[in-house]
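Colleague: My questions all concern the structure below.
The values are calculated or read from the model by the stated rules, or taken from the named source; none is laboratory data. As the structure is a computational prediction, the values presented were derived from the model and not from experiment. Protein only, heavy atoms only, side chains kept; ligands, DNA and RNA dropped before computing areas. Shrake-Rupley method; radii C 1.70, N 1.55, O 1.52, S 1.80 Å.
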Amino acid sequence: SSNKEIKLNQEAIQELTEDLEFRQNILAYAKTTEDTKEIYTKLIEWSKAEEQKTPLLLTIVSFLFPAIYFIALGGMVFTDNGIYSDITLYMFLINLGVFGSQIKKIKAELIDSSKINAILKNYSLIIQQLENKDFKAEKLNHLKNSLSDSEGLASKKIKKLSDLFGQLENFVNPIGAGIFNGVALYHLHTLRALYKWKKDNKTKITAWLDVIGEIEKLNSFANFAYNNTDFTYPNLNNDYKIEFNNLGHPLLDSRTRINNTVDFNTQNFIILTGSNMSGKSTFLRSLGINMVLAGTGSPICAFKANVHPLNVLVSMRLSDSLNDNESYFFAEVKRLKEIMDQADKTISFVLLDEILRGTNSDDKRTGTVEVIKKIIGKNVIGAIATHDLKVCDTTQEHPKTLINKCFEVEIINNELVFDYKLRDGVCKNKSATFLMQKMEVI
């Protein structure tokens with residue numbers, strides 16, 4: 001997203017944060033039915049399917065035959081002439097035959113879900129919330145204005161589609177369908193109305209659903225902001241400056257969360273060291289998740305921040321794939337290749353956590369150093385965590401680009417103490433041997 005788009009999102013999220021009732025109404029309607037990606041996909045496919053049309057002869061029949069039936073019915077009621085009874089019966093059966101000939105077409109138009117009409121009704125209620133609301137934020141007004149045109153409001157059109165699907169689905173009830181179609185060819189009229197609706201509105205369905213998705217996204221970020229009043233909206237820049245004051249992980253308890261201040265303005269790539277459990281991975285995740293949040297317009301877990309939003313590329317917690325006969329090491333190399341290729345296309349924010357774990361220590365060290373050298377040649381910004389302190393020597397060869405940072409651990413009263421504070425330099429203290437001795441592993 002461009003900085004302008006992000007600022008529009010920030011403005012919209014800030015307005016929605018203050019409107020708890022609106023957000024809860026949207027959430028309530030969204031949760032009332034079990035909407036799924038599969039139903040969404042089927043609805044889009046239905047809208048893009050080849051347009052159907054009722055043949056002129058069938059249209060004439062759908063009006064003429066019920067009219068003959070009702071005329072005959074009137075004659076049967078108000079006269080003693082038995083021919084009217086025969087005509088009424090014959091027309092009832094003929095109408096059923098006409099209806100039976102169209103069942104295949106009716107089934108073809110139905111989306112394979114008994115919930116589709118209820119889901120569409122909820123879509124219309126969500127959209128109605130937007131249509132009836134006065135907004136200040138430019139983005140919210142843009143979303144609202146996109147829902148209406150000279151032909152009417154989107155909420156009413158979607159409600160109409162919900163009704164049509166609901167009416168069509170009734171054909172599975174043999175008694176009801178038999179009576180309604182034998183008398184009035186009810187489902188033929190419904191099918192023709194559905195064809196007309198589709199012809200008039202099929203190009204708009206995707207846009208309407210996109211509006212619902214966008215408002216739910218903004219609502220979610222507004223809930224996030226409402227529940228985290230200590231978070232801040234970052235300032236945005238186009239100068240590749242990234243600086244966080246008291247950055248933390250948004251999922252950690254604010255009462256115990258340790259925040260850290262960091263910037264990438266002088267040296268743009270950090271080599272991060274520290275013993276196990278010292279906080280390296282959490283810090284990398286804090287950087288990654290807050291960079292992603294900043295790029296969406298959401299508030300982030302920091303006291304203050306100045307960010308150039310970038311594409312975030314990450315290699316963390318990869319796993320073997322037994323189905324693909326793929327080792328951990330090969331999966332990791334593939335991921336690094338993807339990151340390198342993406343970094344060639346655009347300046348990115350890259351986070352690497354203890355790469356090349358699936359090989360021996362010498363190979364791992366050489367590989368890690370070469371990865372660092374290659375990736376900083378692509379003008380990326382970011383950090384790599386490593387246990388190998390020798391890797392930190394690479395900083396001496398590239399002092400303008402690389403900087404060493406660390407998390408330390410202390411042994412106090414025969415206990416490991418982690419303060420989770422980011423420091424300059426290379427990690428000096430080690431915890432693995434002490435911990436294994438304390439637990440009598442060695």
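Colleague: Using amide H atoms built in the peptide plane, which far-off residues or other-chain residues are under 5 Å from D19 H to H?
Modeller: Placed amide hydrogens put nothing under 5 Å from D19.
Colleague: Also: Under the √(5λ) rule applied to the eigenvalues of the Cα gyration tensor, what semi-axes describe the equivalent ellipsoid of the range 1-154? Give them in Å, descending.
Modeller: Rounded to whole Å, the semi-axes are 50, 18, 15.
Colleague: A follow-up question, please. Considering the values (i) 135; (ii) 220; (iii) 168, which represents volume of the Cα convex hull per residue in Å³ as calculated for the structure under consideration?
Modeller: Of the listed options (i) 135; (ii) 220; (iii) 168, (ii) comes from this structure.
Colleague: Nearest-5 percent of antiparallel DSSP beta bridges in the chain?
Modeller: Roughly 45 percent of the DSSP beta bridges within the chain come out antiparallel.
Colleague: When the chain is fully extended, how far beyond the present Cα-Cα distance does N414 get from E216, taking 0.36 nm per residue of separation? Could the numbers behind the result be given before it?
Modeller: On the way: separation 198, 0.36 × 198 = 71.28 nm, distance 5.11 nm.
My answer for the length gained is 66.2 nm.
Colleague: What part of the accessible area of the chain, given as a whole %, is carbon or sulfur when the probe is 1.4 angstrom?
Modeller: 53
Colleague: Quick one: divide the alpha-carbon radius of gyration of the range 146-285 by 2.2 N^0.38 Å and tell me what you get. Working shown, then result.
Modeller: Working: Rg = 27.7 Å, N = 140, 2.2 N^0.38 = 14.4 Å.
Relative to the 2.2 N^0.38 Å estimate, the range 146-285 comes out at 1.93.
Colleague: When the Kirkwood radius is taken over all Cα pairs of the range 79-172, what Stokes-Einstein diffusion coefficient follows at 10 °C and 1.306 mPa s, in µm²/s?
Modeller: Rounded, D is 95 µm²/s.
Colleague: Shape verdict for the range 269-424, please, from the Cα gyration tensor: rounded (a/c under 1.5), prolate (a/b greater than b/c) or oblate.
Modeller: Rounded, because the longest to shortest axis ratio a/c is under 1.5.
Colleague: Now for a different question. Between the range 1-48 and the range 139-171, how far is it from one alpha carbon centroid to the other, in angstrom?
Modeller: Going from one Cα centre to the other spans 16 Å.
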